[in-house]
Amino acid sequence: MQAFRARSLIISSVSVFAGGAVALHAGYFRVTPFLLAWLGAITVQAGTNLTNVYYNYKARSSPSASFQPDPQGSSAVIQLGLLRPEQVRRGGLVAFAAAIIIGALLTWMSGWTILLLGLPGMAAGFFYAAPPLKLGRAALGVITVFIFMGPVMVAGTYYAITLAFSGIALLVSIPVGLLAAGIMHTNDLRDFGSDIEHGKHTLSTLLGRRGANLLLAAMDAIAYVVIIAAVIGRVLPWPTLLVLVSLPRAVSQLKMVFRETDVGKLNQAWVRGIQLHLEFGLALIAGLLISRLLLN
């Protein structure tokens, strides 16, 4: 559970459920493709998490590395002897294998377009930390999370259910993806000092701590502005303004990020980022479902 960060699987779940809510709001819903899309998303994320743990450990376990185990760090399960590196690596491969099986079933039900979304998603998950790409160490981690947990998962779920793409699904995917990427960005802010020490390039290390803080604030602001603008433009129904109930959580997280540099405190900010994504996502989903009920 600690190795694949079970708590973080709520991130991909929110993305899939948002796509399902858009489909239901549009009057289309098929249970089996929705469930397969959900299982596929969480197995890919679990595989990504495990692979990331394994390759982070490999990158930091050379004899010359002056690394002290951090119980809250991504490689803690290996550094503290809870699991062997090979066990973590095999666990990641099993998760990706399960995702391939689920993806094959979903492709059989919803067509080959699913492969155009699923295969790049799995590749991005594996090569997030694995060589030769190491996306997470090349300052591409936040962008990768936005693309695949935003447009790919949300619009992909909508397609799996309806067999069509939707501009509204793509619009909804933007704030969902931004807040998911914000979680990864906060994680990088937490590991800022360690990443600099070990030569890991992230948006945080490239922008500096203050620049990275401002980027997080901008990502949160855009997420809310997109929904408000879409409601004003009558693209989204007014009940989706329920997302504003999550605004205090966003403000609380940003205050902590701008104020703190302590790793433990920033880990709390990371947790608040997960909570913000969940609260925003649930409110958005509820707004879409409520508007569907009002239409009936």
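Using a probe of 1.4 angstrom, how much of the accessible area of the stretch 72-124 is carbon and sulfur, in percent? Ligands and nucleic acids excluded, carbon and sulfur give 73 percent.
Cross-link partners of K58 among aspartates and glutamates, defined as those whose alpha carbon lies under 19 angstrom from its own and excluding same-chain residues fewer than eight positions apart: D70, E86, D188, D191, D195, E197.
Computing the accessible area with a 1.4 Å probe over protein heavy atoms, can you report the carbon and sulfur percentage for the stretch 152-243?
Carbon and sulfur together cover 71 percent of it.
With a length cut of 30 Å (Cα positions projected on each helix's long axis) and a Kyte-Doolittle mean of at least -0.5, go through the chain and give me the DSSP H helices that pass. Walk me through the intermediate numbers first.
Values: long enough: 31-60 (44 Å, 0.33); 85-110 (37 Å, 0.99); 167-190 (35 Å, 1.22); 203-232 (37 Å, 1.61); 263-295 (48 Å, 1.05).
For the chain, where a helix must reach 30 Å along its axis and average at least -0.5, the hits are 31-60, 85-110, 167-190, 203-232, 263-295.
State the dimensionless ratio Rg/Rh of the stretch 159-209 (Rg: radius of gyration of Cα atoms; Rh: Kirkwood radius).
A ratio of 1.25.
Shown for the stretch 250-296: the carbon plus sulfur share of the solvent-accessible area, taken with all protein chains present and a 1.4 angstrom probe, equals 60%. Which residue fluctuates most in the GNM of the chain (Cα springs below 10 Å): Q268, Q45, Q253? The residue with the greatest mean-square fluctuation here is Q268.
Given the -39500 (n - 2.57) contribution per DSSP H run of 4+ residues, what per-residue ellipticity at 222 nm results for the chain, rounded to the nearest 500 deg cm²/dmol?
On the way: 12 runs with 213 residues, N = 296.
The helix-only estimate for the chain comes to -24500 deg cm²/dmol at 222 nm.
Comparing P175, P33, P132 in a Gaussian network model of the chain where C-alpha atoms under 10 Å apart are linked, the largest mean-square fluctuation is found at P132.
For the stretch 134-287, the fraction of C-alpha pairs farther apart than 24 angstrom is 34 percent.
Its residues counted as N, the chain yields a C-alpha radius of gyration over 2.2 N^0.38 Å of 0.99. The residues of the chain expose, per residue, 45 Å² of accessible area to a 1.4 Å probe.
The values are calculated or read from the model by the stated rules, or taken from the named source; none is laboratory data. Since the model is a prediction, treat every value here as computed from it, not as a measurement. Quick note on the areas: whole protein, heavy atoms, side chains included, nothing else; ligands and nucleic acids left out. Shrake-Rupley method; radii C 1.70, N 1.55, O 1.52, S 1.80 Å.
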